[in-house]
Structure formats: structure tokens, C-alpha cells
1. With θ taken as phi - 60° and the coefficients 6.51, -1.76 and 1.60, list the Karplus ³J(HN,Hα) couplings across segment 409-425 in order, rounded to whole Hz; mark glycine and proline as x.
2. Show that you can apply the helix-only estimate: for the chain, add -39,500 (n - 2.57) for every DSSP H stretch of four or more residues, divide by all residues, and state [θ] at 222 nm to the nearest 500.
3. With the full set of protein chains in place, find how many percent of the accessible area of segment 94-160 is carbon and sulfur; take the probe as 1.4 Å.
4. Using Cα positions and a limit of under 14 Å, work out the aspartates and glutamates in reach of Lys49, with same-chain residues fewer than 8 apart set aside.
5. Charges at C-beta only: +1 for Lys and Arg, -1 for Asp and Glu. How large is the resulting dipole of segment 45-190 about its Cα centre, in Debye rounded to 20?
6. With all protein chains present, calculate the accessible area of Leu4 using a 1.4 Å probe and round the result to the nearest 10 Å².
7. Which whole-angstrom value gives the distance between the alpha carbon centres of segment 272-303 and segment 404-434?
8. With a 10 Å cut-off between alpha carbons and a GNM built on the chain, which of Met413, Met399, Met248 moves the most?
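The values are calculated or read from the model by the stated rules, or taken from the named source; none is laboratory data. This structure is a prediction, so every number in the text was calculated from the model and none was measured. Here the Cβ is made from the backbone with ideal geometry for all residues, glycine too, and neighbour counts use every protein chain on show. Areas reflect the complete protein model, heavy atoms only, side chains present, ligands, DNA and RNA absent. Shrake-Rupley method; radii C 1.70, N 1.55, O 1.52, S 1.80 Å.
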Amino acid sequence: MDTLGYLRRTHYSNEIVPAVDATDVVIFGIVASIREHGKLTFLILEDTKGLVQVTIHKNNVPESVVAKLKEIQEQSFVGIRGKVKSTEKAPHGAEIVPDEIKVLSIPHCLAPFKLYKQRLPNIEKRLDLRAIDLRRPQPKAIFKIKHVALQSIRSFFSGQGYLEVETPKIISTATEGGAALFPLLYYNKEAFLAQSPQLYKEQLVGALEKVFEIGPIFRAERSRTMKHLSEATSVDLEEAYVNYEDVMKTLERVITFTIAEVLDKCKDELSLLKVKLKVPQMPFKSYTYDEILKLLSDEAIEVTWGNDLFVSELKALEKKLPDFYFIKDWPTSSKAFYLKAKDDKPEICESFDLMHGSLEISSGGSRIDQKQALVEKLKERSFDPAAFEYHLKVFDYGMPPHAGFGFGLDRLMMVLCKQKNIREVVLYPRDQRRLIP
Ligand code: AMO
């Protein structure tokens, strides 16, 4: 086996083009395929930017290169120094004629699924060997899109004057009533993994006014579905001196901006995934909870007022509502304790969910900003206000009116990459059955 030695990359595969004809280059990558035609051998090398052809004519290359060819097998990691030669037959219109080949790693076993073929084993088998599965072009495209989406979200919020923050992930109380907690031993005390940054982001608006956080949330989900994980990434925003209608506008703007950026910067990746994205029209459609109940009733689905809406029910509306839309003004009893009831109609709260078809992407709303109202609400929900003292005491010092939302980055990625299973858009997903790799 060779060592890296002095060899360093000068070009990526997509830079091997006729414009650099006759240039000496060094490339690195994995051997995707080896084809022999008499005295000619074609190596197709794959790096993070794509494919490049290396053509070896046994009479025209040094003896050492011919000798090295015998060592190489598919999926070997190699480094190649050589000259670029224009040819219409190669990807990007140019190939490399090598002067030196370094074989850096030879696989002891080949991936149990053919990396470069279409027929794949099921996702669980692929996740068992995720690091190798990620060498396929499709996951690479998905994670490039995720990178661009994250960059876009950050740049949009920063441009609008929001401050990026990080709140603790080891916490002392629940924040989202409905979702179960992961308990852990924190020295000699019971603690939990954060279900959301909810209470901290609210506290922060009293000082920083406009904040956002991109970080993990932990939910001990009771059922195993295609869109729930035990650890997901949430994009949270919280802002002072606004209400839920204002942050709904911010949410649709960040989603629209992100989609436009992905469309602009990830053309190849979207085409590889065969995804036809379009920038959604603003404003997004918006329905009250009552209006959705009426639409469901038109489909002969009766929902008792006050109940949450099940995916199975919302699926009936998917034909009418296939894109992004809001469901707002939910029954107060169906939403988290920190949401603000309407002044003139306390049975309804200033809240919303952003949907894409039957997939919930986000929820948010205006928050209770008076301590006593929050204490009452905690008691109503059988939470012990004493456990929330660290949060409630902040309200003693005054709290501005505020609103915010949290959206599931992985859920948005399901839409951007047209994936049915959330596990496809997370590098190392966690669920009830999976703690490794
Ligand atoms: P909620 O609990 O609705 O609201 O979560 C917000 C968004 O996070 C995503 N999400 C998940 N994604 C994958 N797997 C999960 N188990 C999971 N759970 C939630 C969804 C969901 O819409 N604090 C509030 C937000 C707020 O009001 O600011 C909250 O956590 O996309």
C-alpha cells in the first residue's frame, strides 16, 4: 500500500475540462469502475464533485503505472498525478493520462449493495452501514441540499437582524406536554434531554429581542413512523413585540427564500434526485382550525371540536391542499401551555401549524407573557409550577409580548428532496430501534 507522501490535490473531478488541457494535475478519489479494452484501461474515479476518467494506454505510461493497475480494485482509494487530455468521450470533455498512481487503501470487502447501481437494499440495511451508504450519489445530493438549506436559513435570519443563540440541551423540565421525555442522571439529580428550546428562547427575547436557534430536539416518541425521530433538528425563532400573524409571515419568507436558494445552488443535485421544486407563492394559504374541520366534513370526516387533527384525516385534504398552507387559531386545549389565548375568545389560541400536504413542518404562536396566566395554565395541565420557578421568575421582571415558531429541518428536507422516510435526510438517524451506528 502507498502512503500519501508529497502528493496533494490540485483539482477536483469537475475541474478536469478542456480549458486545462495539457496541465499537470493531482486528483484523489474512489475507483468507481475499471474497464479494460485490449491495451487500454479506463478507471472512473469518483470524488466529492463527481466523476473523472483516467485512461491508461499500456504503451504510453510509465512501467510503474502499469504495475499499479494490477493492485487496484473497485472501491479502492487512490491518488493520481497526470496530464489532462481533451476528449469528447470523457465526462466534462477531458480525461487524465497518469504519470503516477498511489493506491492508498484497498477494501477488504465490497459494500453489500452495489454502490453505483439502482437496486438497493431496504433503508434499515443501508443504515446499518450508513457511512458506506453515504458514498452513493443520492445521499450525497441530499446532504449537499441540506447544507445549502442550512446556510440559507442562517443568512436569511441574520439578514433580518435575528441573533443566533444556543440554549442548553440538558434541562430540568418538560417544555412540550404531549411529547415524552428522555430522562438522564445529571450527577445526583434527574434531568432530561430538551424537547425544544421553548422556554429559553422565550426568556431570551426579553434581552435580545430577536433570536433563532438551529439545534437538536429530543422526543421519546411512542410510535415509530416515517416522519418521527427520537433526535431531530429544529429551527426555532422567537421575537419580541410581534404576534403570531407576524411570525407566520417570517416563516413563509424563510421557507420561500430557502427553496429559491436550493433551486439556484443545487440544480445538479435536484436533477439527480429527480425532484421538481418550485418556489411557493406568498402568502401561503391559511385556514382556521374551524375551516379545516368544515373541509374535512365535506369529505365526510367528522372531527370533534377540540381534538388534534390526525395525519390520516389530513390525508383526505392532500388533493385540495398539496403544498404549503397554515392551519391557525387552534383550540387552546389542544396546544402547548405557553400559547396565548385570544382576548375575546379564550377557547381559541393565537397559534398555527405550517403544513405541506399532510406533513406538519412547523408550529408556533403568540406566547403568554404574564406570569399569573402562565401559572394557571401550568396547573390546568397538571404541571407543578414550582418545577418551573426558574422560568416563571423571569416574568417577575417584566416580559415583552412575543411570538415564535419551531420548524423541523428534517421535515422540510423531506419536502425539498421528495423523501417519504425522514431517515433518508438524516446522517445517523435515531429512533426507538436505532442507537447505532
Ligand atoms: P412542535 O412540538 O410542534 O412544537 O415541534 C415543532 C416542529 O418540530 C418537528 N418535530 C419533529 N421532527 C422529527 N421528529 C420528531 N419526533 C419531531 N417532533 C417535532 C416538526 C414540528 O412541527 N416549541 C414548539 C415550537 C414553537 O411553538 O416555537 C414545538 O416544539 O416539524
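1. 4, 5, 5, 5, 5, 4, 6, 5, 10, 6, 10, 7, 10, 4, 5, 5, 10
2. Working: 12 runs with 121 residues, N = 437.
The helix-only estimate for the chain comes to -8000 deg cm²/dmol at 222 nm.
3. Values: 1830 of 3330 Å².
Reported share for carbon and sulfur atoms: 55 percent.
4. Answer for Lys49, where 14 Å is the Cα cut-off: Glu15, Asp268, Glu269, listed by chain and number.
5. Details: 23 positive and 16 negative charges, 86 e Å.
That gives segment 45-190 a dipole magnitude of about 420 debye.
6. Accessible area, nearest 10 Å²: 80 Å².
7. Centre-to-centre (Cα) distance: 20 Å.
8. Met399
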